[in-house]
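Participant: First the structure, which I've put down as structure tokens, then a few questions once you've had a look.
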Amino acid sequence: MATRGVDFDRAQEIGRSSITPGARHEGFLRYRGMFWAKIATFLSLIVIVSYLLIDIEPRHNGGSWYGYTLGTIGVLLILWLTMLGVRKRAMTAGKWSLKAWTSAHVYLGLSLIVIGTMHTGFQLGWNVHTLAWALMMIVILSGLFGISSYATLPRRLGSNRDEATEAQMLEAVHDLDGQLFNTAQPLDAQAAAQIQEAIDEDAFGGGVWRRVTGRYRGGATAEALAVFRRRTHAGNDPLHDTYNRLETLLSRKQAALARIRRHLRYKAMLQIWLYIHVPLTFALLAALSAHIVSVFFYW
């Protein structure tokens with residue numbers, strides 16, 4: 001199930017262009033009434049029924065004629081699935097649009113669970129043959145994560161952006177930083193330094209792990225907000241109005257940072273699975289090559 005990442009927006013755009021005006025939009029998972037899901041289910045049922053009905057002596061295994069048949073089907077299917085990364089660069093509508101190809105990629109890739117497992121005859125061990133099967137299963141599982149990401153995260157991205165672009169969200173933070181700087185001018189050195197730390201807080205900071213998980217503990221803006229919230233409610237103070245204004249601005253910046261970080265998290269989750277899916281696919285192809293060569297060498 002190898003892919004170098006289906007561009008969701010481009011795929012959806014092509015999908016919309018292939019639907020007649022007024023027709024209900026359908027995603028790649030529901031393409032043509034889940035046509036490829038039905039094909040993959042039918043193929044899997046044929047494999048399961050034939051596995052149960054065909055008697056192989058002494059037992060089912062990858063080295064039987066039946067095992068070779070399923071193995072050949074599986075290899076050809078895997079090679080075809082790896083072509084999605086090439087296919088996505090040719091944007092066309094119609095029978096083999098990117099959406100159609102992606103739908104086939106997903107469901108036929110899932111059918112490999114049955115085809116590949118029946119090919120082994122459940123004869124698994126510590127060898128290159130089982131390694132190829134295990135890598136295939138891991139690639140499929142990573143693909144399932146990708147499917148769930150592409151099915152749900154773009155909607156969350158759009159809702160979080162609320163029609164604002166990433167550049168506009170960053171510009172909003174920059175404007176808030178400018179207002180914070182100007183409002184903080186009457187403050188003493190210690191309080192001004194705290195505001196400066198909040199201004200310097202980077203929405204992109206925290207590393208890959210925080211970006212993916214969205215767990216940002218504390219932060220200069222949150223700390224400054226807590227301080228000036230206490231000062232605002234401390235009672236009469238010549239700078240009460242300044243503190244109140246800073247509290248408002250800091251609260252708005254904290255919300256803006258949270259919005260950007262959610263945006264970055266959704267984007268990262270749409271992409272990071274490929275850093276597992278694609279390299280493991282190449283590892284699968286290498287193990288598969290070793291599996292095939294060893295089979296013919298010892299045959």
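Participant: Which one of these is in contact (Cβ under 8 Å) with a residue 60 or more places away in the chain and either under 30 Å from Asn244 (Cβ atoms) or in the same structural domain as Leu43 (by TED's automatic domain parsing) (or both): Ser148, Ser97? Break it down into steps so the answer makes sense when it comes.
Facilitator: Working: Ser148 fails: in contact (Cβ under 8 Å) with a residue 60 or more places away in the chain.
From the options Ser148, Ser97, the qualifying one is Ser97.
Participant: Determine whether Gln123 is of a type in the set (S, T, N, Q), closer than 30 Å to Lys253 by Cβ and either out of contact with any Phe, Trp or Tyr (no Cβ under 7 Å at 6 or more places or on another chain) or not in a helix (DSSP H, G or I) (or both). Before the answer, list the steps.
Facilitator: Values: of a type in the set (S, T, N, Q): yes; closer than 30 Å to Lys253 by Cβ: no; either out of contact with any Phe, Trp or Tyr (no Cβ under 7 Å at 6 or more places or on another chain) or not in a helix (DSSP H, G or I) (or both): yes.
No, not satisfied.
Participant: Please work out which residue is farthest from the chain's Cα centre (by Cα), limiting yourself to region 132-148 and to residues that are surrounded by fewer than 18 Cβ atoms within 10 Å (Cβ to Cβ) and not β-branched (Val, Ile, Thr).
Facilitator: The residue in question is Ala134.
Yes/no per residue for (1) more than 22 Å from Lys38 (Cα to Cα); (2) surrounded by 15 or more Cβ atoms within 10 Å (Cβ to Cβ); (3) modelled with pLDDT of 90 or more:
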position	(1), (2), (3)
Asp55	yes, no, no
Tyr66	yes, yes, yes
Leu70	no, yes, yes
Thr102	no, yes, no
Leu108	no, yes, yes
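Participant: Turning to a different aspect of this structure: For Ser159, are the conditions met, namely being buried (at least 17 other Cβ atoms within 10 Å of the Cβ), among the hydroxyl-bearing types (Ser, Thr, Tyr), under 21 Å from Met269 (Cβ atoms) and at pLDDT 80 or above?
Facilitator: On the way: buried (at least 17 other Cβ atoms within 10 Å of the Cβ): no; among the hydroxyl-bearing types (Ser, Thr, Tyr): yes; under 21 Å from Met269 (Cβ atoms): yes; at pLDDT 80 or above: yes.
The answer is no for Ser159.
Participant: Within 19 Å of the chain's Cα centre (by Cα) and either in the same structural domain as Leu284 (by TED's automatic domain parsing) or in a helix (DSSP H, G or I) (or both) - does that describe any residue in region 166-181?
Facilitator: Checked region 166-181: at least one residue is within 19 Å of the chain's Cα centre (by Cα) and either in the same structural domain as Leu284 (by TED's automatic domain parsing) or in a helix (DSSP H, G or I) (or both).
Participant: Scan the helices (runs of 4 or more DSSP H) fully inside region 219-299 and keep the ones with 3 or more residues being of a type in the set (D, E, K, R) and at pLDDT 85 or above.
Facilitator: Qualifying helices (runs of 4 or more DSSP H): 220-232, 240-272.
The values are calculated or read from the model by the stated rules, or taken from the named source; none is laboratory data. Every value quoted in this text rests on a predicted model; they were computed, and no experiment measured them. All Cβ positions, even for glycine, are placed from backbone atoms using ideal geometry, and neighbour counts span all protein chains on display.
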